[in-house]
Amino acid sequence: MRVTCPIREGAQRHPEAEALRFMGQSWTYRTLDAEVARWTAALEARGVGQGDRVALLSTSHPMVTFLFWALGRVGAVFAPLNARLTSAELQPLVDAVAPRLTLALDSLGDRLSGSLSLESFPEAATASPTPLRAWEEDTPRVILFTSGTTGRPKGAVLTEGAFRASCRASAANLGAHPSPRWLGTLPLFHVGGLAMLTRTAYEGGCLLLHERFDAEAVNRAIDTEGASYASFVATTLERVLDARADRRLPDTFRFALIGGGPVPTALLTRARAAGLRALQTYGLTEACSQVTTERPDEADGRTAGPPLPGLEVRIVGTDGALLDVGQEGDVEVRGPTRMAGYWNQAEATNEALHDGWLRTRDVGVLDERGRLTLLSRRTDLIVRGGENLYPAEIEAVLANHPAIAESAVVGVPDPHWGEVPVAFVVPRPGHPLPEDLDAWCRQSLARFKVPTRFVALETLPRNAMSKVERTVLRRQAMS
């Protein structure tokens with residue numbers, strides 16, 4: 001199927017509708033289309049064309065959106081790099097994609113040798129009258145590097161069709177909206193950030209772009225800028241509620257998608273009391289963001305919901321055999337949002353993709369209603385004396401302790417049991433490490449699942465994707 005640039009379509013259908021907002025600046029579809037045309041001309045002047053890769057090191061900024069849509073118009077592939085990485089970490093990623101062009105914000109340019117200034121890149125360009133080309137849905141649009149918590153990052157290739165299918169699936173679950181306004185607080189080098197960028201364009205909505213998460217700014221966008229959707233993790237959701245002192249949200253705000261792990265029951269109750277409808281989700285880069293999400297009329301916070309419309313999820317054993325409802329095993333995903341493969345890594349691609357299914361390397365279980373409960377990454381699984389322990393299950397118990405803000409559980413070697421769980425916990429402000437954590441866990445967990453140690457931290461180490469860096473915690477536990 002052939003499609004065209006949604007920004008140009010928006011400029012033709014509703015030119016004065018707001019398409020993008022950032023720090024008090026606003027672009028309509030007409031003015032955004034003109035800006036994208038200018039960036040398209042700048043790319044063409046540099047000889048960037050079909051299939052070329054363009055690497056970018058930047059925080060979230062309107063220029064990233066101009067570049068993203070301009071790359072689509074010339075048929076090039078966007079390779080955004082994690083703005084929190086060091087020069088030593090970035091260089092292998094650049095080498096892997098072999099970009100025709102490398103751009104960086106001036107403030108980050110010293111980390112990327114040979115990069116051109118993003119700010120000055122289009123200065124001499126003028127909009128080109130060249131007619132727009134149509135895109136095939138299987139055209140690669142983005143190479144997104146996975147976070148690398150379990151090894152060297154791999155570049156997942158996501159197509160135009162995958163982004164459009166992700167938009168359709170999410171919209172089918174959330175319900176019709178005449179002009180959705182997504183809060184863009186996730187970085188644009190993250191699949192979640194790009195999902196919001198593309199969804200608003202495909203649906204004729206507006207992206208309320210933020211350079212970074214700030215609870216006060218989020219609440220202003222909710223209260224005064226008509227934000228209708230947002231994506232949070234438990235800790236950012238709590239910060240939003242704290243900052244607004246639990247004031248009720250306006251009716252213009254519809255749903256918040258919640259990812260990143262278990263959410264305390266008390267926090268969900270608090271959110272509902274403030275009129276914030278939270279839907280738990282499960283997703284991954286290789287499936288172009290969301291895979292499962294709670295249905296709005298069935299959300300109870302107990303699972304990550306069923307697959308989005310058009311997607312399939314199944315649970316298989318380590319031998320690949322299909323498992324029944326209630327049986328724990330590896331999560332596999334099938335549908336049009338699946339990645340095309342890993343960039344220039346045939347062996348890794350063949351390991352991940354088989355018979356139309358994506359092996360996620362996550363461990364989960366489906367209930368009788370097809371709802372997914374995620375238990376752990378396969379590599380995070382803790383095997384104690386032959387028994388499988390899932391960090392998410394233990395973390396969910398700790399999350400409900402009134403003095404614990406967040407936690408992470410890792411396995412460490414043990415001469416008797418093979419592995420034992422150690423829990424790292426972040427106490428809430430003003431609370432010391434609770435002395436009753438062992439007893440608290442024993443109320444809900446079998447004895448062998450209870451952590452052997454509880455270690456207090458001020459914060460959990462996280463990467464730029466907000467994922468807990470468990471390898472760092474394992475090293476700390478072992479030392």
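Just so it is clear, none of the values below were taken in a lab; they were calculated from the coordinates. From a predicted model like this one, the values you see are computed outputs, not experimental measurements. Please note: Cβ atoms are built from the backbone with ideal geometry, for glycine as well, and neighbour counts cover all protein chains shown.
Table for the structure above
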item: 0 to 90° range, to nearest 10: angle between helix 191-202 axis and the chain longest Cα axis; result: 40 degrees
item: Rg ratio (alpha-carbon, reference 2.2 N^0.38 Å) - the range 2-136; result: 1.06
item: Distance between modelled label sites at Ala321 and Ser120, nm, 7 Å Cα→Cβ extension; result: 6.5 nm
item: Euclidean distance of C-alpha centroids, the range 229-263 and the range 265-315, integer Å; result: 13 Å
item: Student exercise, the range 310-449 dipole from Lys, Arg, Asp, Glu Cβ charges, in Debye to nearest 20; result: 240 debye
item: For the range 183-377, fraction of C-alpha pairs farther apart than 23 Å, in %; result: 47 percent
item: Check: the chain dipole with +1 on Lys, Arg Cβ and -1 on Asp, Glu Cβ, in debye; result: 400 debye
item: Relative contact order (percent, whole number), the chain, Cα cutoff 8 Å, 6+ residue spacing; result: 11 percent
item: Average Cα contact separation per residue, the range 418-457, under 8 Å, 6 or more apart, as relative contact order %; result: 66 percent
item: Shape call, the range 98-139: gyration tensor on alpha carbons, a/c limit 1.5; result: oblate
item: Zone of Ala446's modelled label, taken as backbone nitrogen in the range 363-389 under 12 Å from a point 7 Å along Cα→Cβ; result: 384-389
item: Top positive-direction residue, dipole computed over the chain with Cβ charges, set Gln345, Tyr29, Ser58; result: Tyr29
item: At 1.567 mPa s and 4 °C, Stokes diffusion of the chain via Kirkwood alpha-carbon radius, µm² per second; result: 56 µm²/s
item: Overall dimensions of the range 74-205 by Cα: Rg and Dmax, Å; result: 16.6, 47
item: For the range 251-357, average projected area of the Cα convex hull in nm²; result: 8.5 nm²
item: Pairs of alpha carbons in the range 381-478 whose separation is greater than 17 Å (percent); result: 47 percent
item: Debye-sum result for the range 131-279 in log10 I(q)/I(0), which assumes one identical scatterer on each alpha carbon, at q = 0.17, 0.18 Å⁻¹; result: -1.02, -1.12
item: Prolate/oblate/rounded call for the range 307-346, Cα gyration tensor, a/c under 1.5 rounded; result: oblate
item: For peptides 432-444, 49-61, 288-300, sequence by mean Cβ density within 10 Å, most packed first; result: 288-300, 49-61, 432-444
item: Virtual spin-label span in nm between Glu216 and Thr471, 7 Å along Cα→Cβ; result: 3.7 nm
